[in-house]
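Undergrad: Could you have a look at this structure, given as structure tokens, before my questions?
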Amino acid sequence: MNIYLYWPVYKILEREVLQLAESIHFDDDQLGVYSVRIAELLIRCSMEIESLIKDLYRNNNSGQEPKSPGAALLSLDKVWGLKHKVVIISSPSIYFDKKENRLFAPFGYEREDENDYYRAYNAVKHDRVKNLRMATVHILLRALAALYLLNIYYKDEVIRGQNSITKDVYTILGPVLGSAIHSTLGLGSALFSVLAGSYTIRLPVIEDVGVKPTEALACTYLYKCADSLLKSLHQPAIEAQKKAYEILREELSKNPKVNLTNADNLLGMAEKIGGIDLVRRIWRLIHDIWNELTKSQKIGVLNKGQPICIHSDSLHKDNP
């Protein structure tokens, strides 16, 4: 896989779009502006998308040829959830105020709706004069964002080190999604960034649980603990859990009327059975493991819908 084949072309297109923004004030009122120059950029961008989609399909299907770019995209989306992945316009040269113009999923359009850049591309490509009005600032940015996202999946890089989420980005994300997102990543773009969520840890089972499914789908990257750390703590976690359940069973025998549910974790069960003192006793068993996990540097991995955990069903067999 040659990661430099598409990215330099993307950067040229991005630079030309930002140059265009010096002539056209990109704000919420200018999204409908169209021109021959925008049409030309849209065609070049969409041709790159078609080629890149086919290469991504081949790379993830043992070299098999896709029937068409559309079929390849549907196949990739089914596994990776591309239609949910959100891109943020983060360039200071773009002046959008409305949330839907600054933050959107470029592949999350319905066929022939106002966000369908591929329909606009085909219309302009085959009948430039008749369909020039479809080559708008809005459509161009959607197409370029799609190309940006595909380039990220083509590179498939592991991210080390963590950025923070800025206040303005948190504002447009809103309190629910904003609280679930760990950071935003530009990954070399001067125009766009993507969302990175942070996996959480459920103890004493060493398992990366992740943010809520709806928020995780929007994230292009997810931060997780290194596999080597998860593996090194796996056996100590099993032993800690075994000891914790022994204590809980002993205490439960003294208070058999306690109502436990499958939704209760260890500390929740401890609180129901013996109150804060038992919670502290159980916490001491898992404290060192928890500290190791929380202080460790996380790595960002591309979100392809894969489970990221070290987990054994046998750990749950001896619950109280």
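Undergrad: Tell me which residues, restricted to segment 123-161, are surrounded by fewer than 20 Cβ atoms within 10 Å (Cβ to Cβ) and assigned to a strand (DSSP E or B).
TA: Answer for segment 123-161, where residues must be surrounded by fewer than 20 Cβ atoms within 10 Å (Cβ to Cβ) and assigned to a strand (DSSP E or B): Ile159, Arg160.
Undergrad: Out of the residues in segment 69-91 that are of a type in the set (A, V, I, L, M) and out of contact with any helix residue (DSSP H, G or I) (no Cβ under 7 Å at 6 or more places or on another chain), state the one that is surrounded by the most Cβ atoms within 10 Å (Cβ to Cβ).
TA: Filtering first and then ranking leaves Leu74.
Undergrad: Shifting gears a bit: Are any residues in segment 61-89 at pLDDT below 90 and polar (S, T, N, Q), and if so, which ones?
TA: If the condition is that a residue be at pLDDT below 90 and polar (S, T, N, Q), then Ser62 is the only one that fits.
Undergrad: Follow-up. From the list Trp290, Trp283, pick out the single residue that is touching a Pro at 6+ places or on another chain (Cβ under 9 Å), surrounded by 10 or more Cβ atoms within 10 Å (Cβ to Cβ), in a helix (DSSP H, G or I) and not basic (Lys, Arg).
TA: Trp290
Undergrad: A follow-up question, please. Residues Leu73, Leu41, Leu56: which one is in contact with an Asp or Glu (Cβ under 8 Å, 6 or more places away or on another chain) and either of a type in the set (Val, Ile, Thr) or assigned to a helix (DSSP H, G or I) (or both)?
TA: That would be Leu41, the only listed residue that is in contact with an Asp or Glu (Cβ under 8 Å, 6 or more places away or on another chain) and either of a type in the set (Val, Ile, Thr) or assigned to a helix (DSSP H, G or I) (or both).
Undergrad: State all residues of segment 233-278 that are surrounded by 14 or more Cβ atoms within 10 Å (Cβ to Cβ) and under 28 Å from Val301 (Cα atoms); if no residue qualifies, say none.
TA: Leu233, His234, Pro236, Ala237, Ile238
Undergrad: Follow-up question, since we're still on this one. Give all pairs with beta carbons closer than 8 Å in which a residue from segment 95-112 that is more than 26 Å from Ser23 (Cβ to Cβ) meets a residue that is part of a strand (DSSP E or B); count only pairs at least 6 apart in sequence or on separate chains.
TA: Ala105/Val87
Undergrad: I'm trying to understand the selection: among the residues of segment 25-44, which are more than 13 Å from Asn131 (Cα to Cα), touching a strand residue (DSSP E or B) at 6+ places or on another chain (Cβ under 8 Å) and buried (at least 16 other Cβ atoms within 10 Å of the Cβ)?
TA: Within segment 25-44, Phe26, Leu31, Val33 qualify.
Undergrad: I'd like to check something: does segment 23-35 contain any residue that is assigned to a helix (DSSP H, G or I) and modelled with pLDDT under 95?
TA: Within segment 23-35 (the criterion being assigned to a helix (DSSP H, G or I) and modelled with pLDDT under 95), the answer is yes, since at least one residue qualifies.
Undergrad: Is it fair to say Lys83 is outside the structural domain of Phe192 (by TED's automatic domain parsing), farther than 21 Å from Glu14 by Cα and either touching a Leu at 6+ places or on another chain (Cβ under 8 Å) or in a helix (DSSP H, G or I) (or both)?
TA: It is true that Lys83 is outside the structural domain of Phe192 (by TED's automatic domain parsing), farther than 21 Å from Glu14 by Cα and either touching a Leu at 6+ places or on another chain (Cβ under 8 Å) or in a helix (DSSP H, G or I) (or both).
Undergrad: In segment 226-274, what residues are part of a helix (DSSP H, G or I) and of a type in the set (Gly, Ala, Ser)?
TA: Once the filter is applied, which keeps residues that are part of a helix (DSSP H, G or I) and of a type in the set (Gly, Ala, Ser), segment 226-274 yields Ser228, Ser232, Ala237, Ala240, Ala244, Gly268, Ala270, Gly274.
The values are calculated or read from the model by the stated rules, or taken from the named source; none is laboratory data. Small disclaimer: the values here were computed from a predicted structure and weren't measured. Neighbour counts run over all protein chains shown; Cβ positions are idealised from the backbone, glycine included.
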